[in-house]
Amino acid sequence: MEDIAYKADILEVYQQSFRKNWALPALAEYGSDEIMSYGEVARRIARIHLFYKQIGIQPGDKVALLGKNSPTWIICFMATITYGATIVPILSEFNPHDAMHIINHSGARLLFVSQSVWETYEFERMPELKAAISLETRRVLDERTAEGESPVERVIRNLTRRFRSCYRNGFTPENVIYPKVDKDATAILNYTSGTTGFSKGVMLSYDNICGNVMFGVQSRLHFEGSRALAFLPLAHAYGCAFDMLVPLAVGTFITVFGKTPTPRLLLGAMAKVRPNLVICVPLILEKIYRKQIVPMITKRAIRWALAVPLLDTAIYSKIRNKLIEAFGGSFEEVIIGGAPLNGEVEAFLHKIKFPFTVGYGMTECGPLVSYTPWREFVPTSCGRTLPNMESKIASDDPEHIPGEICVRGQNRMKGYYRRPDLTEETIDSEGWLHTGDMGTRSADGTLFIKGRYKTMILSASGQNIYPEEIEAKLNNMPYVSESLIVERGKGLTALVYPDYERMDADGIETSQLPALMEQNRSDLNALVAPYERVDHIQLTPNEFEKTPKRSIKRFLYS
């Protein structure tokens, strides 16, 4: 596939968006009546630019950002990249030890942080920080100053007066002027929260942002006056790109959901916001499917009705309409990404003609690699390779025999910060990024993922076993909340965390679990290849430990 790059100046895109959409609503926090216009967002960004200049922050300096999703979080992020500095967004779920390591490793000079989080941090252990500032109150939480520098607290106190003197006639659209920056300069330093046990600083350039944003703009994922509900972590590349960066480039109204996105709370927010696009991770749809749809379609009367032609179509249509209305009823499609979608859930959604599609990406591509609009979506795939990206499969028969997925193009990262060794391991001499994902690829660039290269198990007979595929089947069986397939001796063992909520609802006692799980094992082994059969099911008393993206930390259980 030919590599085509988007040539826009990404900061000019935001400059023009803020000017053009000046009076349109830009940001609101869910549950609050305060709405910020694009003009107000631009004004607050300009205040931060002046603040940076006053305290000596230079283009290229690192600014760390740690806290839950909020309009202020978005403004700090946008102010940093439109100043020419590098933003270091840190997932609030990181423990203090890891987060402080990231702050120090990145060389951040300034930290914006939620006060509730800050109480567990030690300023003395972050020697390069000039100051830590509260996201909620804009108060200086701690600072250190060199001789001859103005204390940060004093600069903040005088900022309103200085801002007014800079813009004596008020801040107008003509005052929104962002600098020309080198497209290869680092805009975002995003530390991954991988399942392998350590974080890596992914350097994403302004050009990487441009590739993702302009694809979203040209695909009309968001558009002027559309509505978005931002509930995925904005510190993660997926939510950052498609719940924030693309919407702000076109004039979308973003409602920021700062709470933990449980299905119940989310569906309530969807009904109020009625978003025009839903960016989602599989976990949410899978929970809705298991808790609301499965109990409905497994009732005896419904099972009988689904076996009757025409009647089944009417029932599926009713379920589809209820599901569409549950997500607000105004969206063009639901884009699922961030993790594999359970096969049974995907097949059901496709059967009822629910408007969804599955994309593929990674932090190292900021994040998008492949996507197809829902009407063209091929079930079990994760979309076509983007026009500004290339993909290949390291296999002798890429369409039929899985191999490692390799990608290159405009969205591919510069490398890992201060880790040339890791960069060299990941990006080869021809510029191909080795993703670590195994899959196949059709002639038109559509990708089909089988599993992770590092989790693949080689059977005694030399067959490749992808544990994710077995887990997807087991997770759909009675009273299984989540599972993990691991190698024990010469065979496979399934670690299972039971669905205690469903057990309580059905009156199932804990003593009944071994027999139920043995039946699950028998049913599972009838569905998989002989070399994929599970020898034992081992129950675990607690949920598996997960990354902030809700992926299981496999390295803890291997």
Criterion violated by residue 97 - all others in (1) more than 20 Å from residue 366 (Cα to Cα); (2) modelled with pLDDT of 95 or more; (3) assigned to a helix (DSSP H, G or I) satisfied: (2)
Out of the residues in the stretch 469-479 that are in contact with a Ser or Thr (Cβ under 7 Å, 6 or more places away or on another chain) and either of a type in the set (S, T, N, Q) or touching a residue at least 24 places away in the same chain (Cβ under 8 Å) (or both), state the one that is most open to solvent (accessible area, probe 1.4 Å). 475
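Collect the residues in the stretch 349-367 that are among the hydrophobic types (A, V, I, L, M, F, W, C), open to solvent by less than 20 Å² (accessible area, probe 1.4 Å) and within 26 Å of residue 7 (Cβ to Cβ), keeping them in residue-number order. I'd like the intermediate steps shown before the answer.
Quick first cut of the stretch 349-367, residues among the hydrophobic types (A, V, I, L, M, F, W, C) only: 349, 352, 354, 356, 358, 362, 365.
Then keep just the ones that are open to solvent by less than 20 Å² (accessible area, probe 1.4 Å); that gives 349, 352, 354, 356, 358, 365.
Residue satisfying the conditions is 365 alone.
Test residue 83 against the stated conditions and say whether it is hydroxyl-bearing (Ser, Thr, Tyr), over 21 Å from the mean Cα position of the chain (by Cα) and more than 23 Å from residue 246 (Cα to Cα).
No, not satisfied.
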Could you tell me which residue of the stretch 400-409 is nearest to residue 106 (Cα to Cα), considering only residues that are surrounded by fewer than 20 Cβ atoms within 10 Å (Cβ to Cβ) and touching a Gly at 6+ places or on another chain (Cβ under 8 Å)? 408
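For residue 334, are the conditions met, namely being out of contact with any helix residue (DSSP H, G or I) (no Cβ under 6 Å at 6 or more places or on another chain) and closer than 21 Å to residue 241 by Cβ?
Considered against the rule, which asks whether it is out of contact with any helix residue (DSSP H, G or I) (no Cβ under 6 Å at 6 or more places or on another chain) and closer than 21 Å to residue 241 by Cβ, residue 334 comes out as yes.
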Applying the selection to the stretch 415-460, what residues are touching a residue at least 24 places away in the same chain (Cβ under 8 Å), assigned to a strand (DSSP E or B), open to solvent by 40 Å² or more (accessible area, probe 1.4 Å) and aliphatic (A, V, I, L, M)? 449
Counting only residues that are out of contact with any His (no Cβ under 9 Å at 6 or more places or on another chain) and of a type in the set (Gly, Ala, Ser), which one in the stretch 77-110 is surrounded by the fewest Cβ atoms within 10 Å (Cβ to Cβ)? 107
Has the stretch 100-114 got at least one residue that is free of Cβ contacts under 8 Å to residues at least 24 places away in the same chain, part of a helix (DSSP H, G or I), closer than 25 Å to residue 141 by Cα and of a type in the set (S, T, N, Q)? no
For a quick check of your reading: which helices (runs of 4 or more DSSP H) sit entirely within the stretch 249-348 and have at least 2 residues that are open to solvent by less than 20 Å² (accessible area, probe 1.4 Å)? 263-273, 282-288, 311-326
Could you please let me know if residue 4 is among the β-branched types (Val, Ile, Thr), surrounded by 18 or more Cβ atoms within 10 Å (Cβ to Cβ) and touching a residue at least 60 places away in the same chain (Cβ under 8 Å)? no
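Among the residues of the stretch 7-21, which ones are surrounded by fewer than 19 Cβ atoms within 10 Å (Cβ to Cβ) and farther than 17 Å from residue 167 by Cα?
Applying the first criterion (surrounded by fewer than 19 Cβ atoms within 10 Å (Cβ to Cβ)) to the stretch 7-21 yields 7-9, 12, 15-16, 19-20.
Within the stretch 7-21, 7, 8, 9, 12, 15, 16, 20 qualify.
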Which residues, counting only those in the stretch 328-352, are of a type in the set (A, V, I, L, M), modelled with pLDDT of 90 or more, within 22 Å of the chain's Cα centre (by Cα) and under 21 Å from residue 473 (Cβ atoms)? 336, 345, 349
Go over the candidates 57, 74 one by one and state the one that is more than 30 Å from residue 443 (Cα to Cα), within 22 Å of the chain's Cα centre (by Cα) and buried (at least 18 other Cβ atoms within 10 Å of the Cβ). 74
With respect to residue 33, determine if the residue is touching a residue at least 24 places away in the same chain (Cβ under 8 Å) and among the charged types (D, E, K, R). no
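Only one of these is within 21 Å of residue 282 (Cα to Cα), out of contact with any His (no Cβ under 8 Å at 6 or more places or on another chain) and open to solvent by 50 Å² or more (accessible area, probe 1.4 Å): 412, 384. Name it. Full working, then the answer.
Working: 412 fails: within 21 Å of residue 282 (Cα to Cα).
Just one listed residue meets the conditions, 384.
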Yes or no: residue 42 under 23 Å from residue 184 (Cβ atoms), open to solvent by less than 50 Å² (accessible area, probe 1.4 Å) and either among the basic types (Lys, Arg) or in contact with a helix residue (DSSP H, G or I) (Cβ under 6 Å, 6 or more places away or on another chain) (or both)? no
How many residues does the stretch 505-532 contain that are among the aliphatic types (A, V, I, L, M), over 18 Å from residue 488 (Cβ atoms) and not in a helix (DSSP H, G or I)? 2
Considering only the stretch 503-515, I want to know if a residue exists there that is farther than 30 Å from residue 414 by Cα and modelled with pLDDT under 90. yes
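Do you know which residues across the stretch 1-50 are hydrophobic (A, V, I, L, M, F, W, C), under 18 Å from residue 217 (Cα atoms) and assigned to a helix (DSSP H, G or I)? Steps first, please.
Going residue by residue through the stretch 1-50, those that are hydrophobic (A, V, I, L, M, F, W, C) are 1, 4-5, 8, 10-11, 13, 18, 22-24, 26-28, 35-36, 41-42, 45-46, 48, 50.
Then keep just the ones that are under 18 Å from residue 217 (Cα atoms); that gives 4-5, 8, 10-11, 13, 18, 24, 26.
Scanning the stretch 1-50 gives 10, 11, 13, 18.
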Conditions (1) surrounded by fewer than 18 Cβ atoms within 10 Å (Cβ to Cβ); (2) at pLDDT below 90; (3) within 30 Å of residue 370 (Cα to Cα); (4) of a type outside the set (Gly, Ala, Ser) -> residue 486 fails only (2)
Near pairs, Cβ below 7 angstrom, 6+ apart or cross-chain, from the stretch 304-333 (under 25 Å from residue 229 (Cα atoms) and in contact (Cβ under 8 Å) with a residue 12 or more places away in the chain) to any residue that is crowded, with 17+ Cβ neighbours inside 10 Å and hydroxyl-bearing (Ser, Thr, Tyr): 333/357
Considering the stretch 193-251 alone, what residues qualify as being over 17 Å from residue 366 (Cβ atoms) and free of Cβ contacts under 8 Å to residues at least 40 places away in the same chain? 198, 220
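The values are calculated or read from the model by the stated rules, or taken from the named source; none is laboratory data. Computed from a predicted model, the values in this text were never measured in an experiment. In this analysis, Cβ positions are derived from the backbone assuming ideal geometry, glycine residues included, and neighbour counts consider all displayed protein chains. SASA here: full protein model, heavy atoms, side chains in, ligands and nucleic acids out. Shrake-Rupley method; radii C 1.70, N 1.55, O 1.52, S 1.80 Å.
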